[in-house]
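What follows is one structure encoded as structure tokens, with my remarks underneath.
The values are calculated or read from the model by the stated rules, or taken from the named source; none is laboratory data. On a predicted model such as this, the values are computed, not experimentally measured, just so you know. Note that each Cβ is placed from the backbone with ideal geometry, even for glycine, and that neighbours are counted across all protein chains shown. Accessible surface areas use protein heavy atoms only, side chains included; no ligands, DNA or RNA. Shrake-Rupley method; radii C 1.70, N 1.55, O 1.52, S 1.80 Å.
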Amino acid sequence: MTAVTQLEIDQQIYDLYDEYCHGRIGRREFLKRAGALGAASLAMAEALLPQYAQAQTISLTDSRIKGTYVTYPSPGGNSGTMRGYLVQPSGAGPFPAVLVIHENRGLNPYIEDVARRAAVEGFLALAPDGLAPVGGYPGNDDDGRDLQAKLDQAKLRTDMLNGARFLKAHSLSNRKLGVTGFCWGGGTTNFLAVALGADLQAAAPFYGAAAETASAPKIKAPLLLHFAENDPRINGMWPAYEKALKDAGVRYEAHVYPGTQHGFHNNSTPRYKEEAAKLAWERTIDLFRKHLV
């Protein structure tokens, strides 16, 4: 079967998928609505569902890194304990540290691969699983999305904050911390920039919801913000957020990637836009090398 490319998928199907991804409709309703537009539209919709085997770019057994699952205390979180995927580069360390925050469905294979990508670049990477208090990522995104939506959201953010603090204080860390995240994780990256203040050295949110504008003066780390061109819900927040960042004197750089959809970095679905994803990732690594190394 020939793979469906981004260019072959109608924007109407992308819009439906965005509704599905963000939990506003279920998988059955997503496919039903797509099918109502015709057989070709249904095929497009089915092609958008993630294929995680193709998302792996760094092998679990790559000799340049070592990945393990770790547990750590998370006071004030959803259960008091968290679990995450910790990946270290080869060598003795200490290493600059990067927290990698998942989307709205828990720690899936794509996010684990992103953590390995960061480790290959020389960073100690931790990808927390926000679903750890309810048994962890369940092996598929539909159940993962449902589980994450049912969690106490303030406590879930606290779990990510505790992950950042655990990573920064880790024996292999050089005590310089960067954060990146995608979709829900992008919004949480903005949240952590506020919550961590001077304890954070750099942040790179991918198509994430803006932080509360009144809290912008608390941000001390430089921000590198990545936006998809076709992402009205997220992009609509940017003008007010940018004004708040400017008024607060926050260092920031923002990029909109032409021809992209929300989720363009995720290489497990046809929303992936290779050129944009690679450029955004290169810029992110450059930011972290500048401020963490």
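Annotations for the structure displayed:
- Extension gain (nm, one decimal) between Asp15 and Ala240, 0.36 nm per residue minus Cα-Cα: 78.6 nm
- Ligands, DNA and RNA left out, the accessible area of the chain computed with a 1.4 Å probe is 52% carbon and sulfur.
- Between Gly181 and Ile101, Ala204, Phe206, the built amide H atoms are under 5 Å apart, and every one of these is 5 or more places off in sequence or on another chain.
- Mean-square fluctuations from a GNM of the chain, with a 10 angstrom spring cutoff on Cα atoms, peak among Arg83, Arg175, Arg24 at Arg24.
- Among the listed pairs Lys168/Lys220; Lys155/Lys218; Lys66/Lys273; Lys66/Lys218, a Cα-Cα separation exceeding 26 Å is found for Lys66/Lys273; Lys66/Lys218.
- Close amide H partners of Lys176, meaning residues 5 or more places away or on another chain with modelled amide H under 5 Å apart, are Ala97.
- Rounded if a/c under 1.5, otherwise prolate or oblate - the stretch 145-293, Cα gyration tensor axes: rounded
- Coupling constants for the stretch 260-266 follow from the phi torsions by the Karplus curve (6.51 cos²θ - 1.76 cosθ + 1.60, θ = phi - 60°), and in residue order they are 10, 10, 3, x, 5, 7, 6 Hz; glycine and proline get x.
- CD proxy at 222 nm, helix term only [per DSSP H run n ≥ 4: -39500 (n - 2.57); per residue of the chain; nearest 500]: -12500 deg cm²/dmol
- Net length gained if the chain between Asp199 and Ser79 were fully extended (0.36 nm per residue, minus Cα distance): 40.8 nm
- Packing-based ranking of 112-122, 161-171 yields 112-122, 161-171, ordered from highest to lowest mean Cβ neighbour count within 10 Å.
- Debye, to nearest 20: dipole size of the chain, +1 on Lys, Arg Cβ, -1 on Asp, Glu Cβ: 960 debye
- If you sort the three axes of the alpha carbon gyration tensor as a ≥ b ≥ c, you get a/c of 1.5 or more for the stretch 231-293 and a/b no higher than b/c, which makes it oblate.
- The DSSP beta bridges internal to the chain are antiparallel in roughly 40% of cases.
- Dipole of the chain, positive direction: furthest Cα of Thr61, Ala280, Leu167, with charges on the beta-carbon: Leu167
- Relative contact order of the chain: 16 percent, from C-alpha pairs under 8 Å at least 6 residues apart in sequence.
- Highest average first, the peptides 252-262, 130-140, 233-243 ordered by how many other beta carbon atoms sit within 10 Å of their residues are 130-140, 252-262, 233-243.
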